[in-house]
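S.K.: Attaching a single structure in structure tokens format; questions to follow.
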Amino acid sequence: MTGSGRWVRFRACDLYGGISMQHTKTFLATALLGLAAAALLSSAARADCNVDSEPFFMHLQDTTKHTINTDPKGCELNFATDGKTKFRSAAVVSQPKSGKVAKVAGLEFVYHPKPGFKGTDAFTMKVCGSTPAGKGCSTLNYVTVVE
């Protein structure tokens, strides 16, 4: 690399076989800051939801109410399979009015309140799976308190 004034010249031929590119130091700094901010935001949104809930029984096709306490960064809901309970699917039935529930991967979801929102929100999910007692689906009504 050679530098002159605001420009930094990368000799791309070292990496890409003869093509050269120019970038400003400002562009590089902005790109690096953007990557660092994205990493921080994604990890901040991945805090586990603090769920105060009652048990649910998929084989009974039940409907239950659960309370989530979180901060304005939001939190993660993960329907992990353990030795006795095996979740097949999970889906958002109704979105919250003051935020969004997004599927991240598999049976993992993230609740994100709208920027600046503090208060109570609600959303509904449907989870299906099996336990030693049988197979079925439950409807989970979440009341979310954003503090």
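The values are calculated or read from the model by the stated rules, or taken from the named source; none is laboratory data. The structure presented is a predicted model; accordingly, all values stated were derived computationally and were not measured. Ideal geometry is used to build each Cβ from the backbone, glycine not excepted, and the neighbour counts take in all protein chains shown.
S.K.: Return the residues of the stretch 68-84 that are exposed (fewer than 15 other Cβ atoms within 10 Å of the Cβ) and hydroxyl-bearing (Ser, Thr, Tyr); say none if nothing qualifies.
M.R.: Hit for the stretch 68-84 is THR81, nothing else.
S.K.: Name every residue in the stretch 57-67 that is crowded, with 16+ Cβ neighbours inside 10 Å and in contact with a Leu (Cβ under 7 Å, 6 or more places away or on another chain), in order of residue number.
M.R.: Answer for the stretch 57-67, where residues must be crowded, with 16+ Cβ neighbours inside 10 Å and in contact with a Leu (Cβ under 7 Å, 6 or more places away or on another chain): just HIS66.
S.K.: Look through the stretch 93-114, keep the residues that are among the hydrophobic types (A, V, I, L, M, F, W, C) and part of a strand (DSSP E or B), and return whichever of them is surrounded by the fewest Cβ atoms within 10 Å (Cβ to Cβ). Before the answer, list the steps.
M.R.: Initial filter on the stretch 93-114 (among the hydrophobic types (A, V, I, L, M, F, W, C)): 93, 101-102, 104-105, 107, 109-110.
Next, only the ones that are part of a strand (DSSP E or B) stay: 93, 101-102, 104-105, 109-110.
Details: VAL93: 12, VAL101: 22, ALA102: 14, VAL104: 14, ALA105: 7, PHE109: 21, VAL110: 19.
The extreme case among them is ALA105.
S.K.: In the stretch 118-127, is there at least one residue being small (Gly, Ala, Ser), surrounded by 15 or more Cβ atoms within 10 Å (Cβ to Cβ) and free of Cβ contacts under 8 Å to residues at least 60 places away in the same chain?
M.R.: yes
S.K.: May I ask you to list the residues in the stretch 56-86 that are within 13 Å of TYR142 (Cα to Cα) and at pLDDT below 90?
M.R.: PHE56 - this is the single residue of the stretch 56-86 that is within 13 Å of TYR142 (Cα to Cα) and at pLDDT below 90.
S.K.: Given the structure, is ALA47 under 30 Å from ALA133 (Cα atoms) and at pLDDT 50 or above?
M.R.: no
S.K.: Determine which member of the set PHE87, PHE123, PHE117 is part of a loop (DSSP other than H, G, I, E, B), aromatic (Phe, Trp, Tyr) and either on the phi < 0 side of the Ramachandran plot or touching a strand residue (DSSP E or B) at 6+ places or on another chain (Cβ under 6 Å) (or both).
M.R.: PHE117
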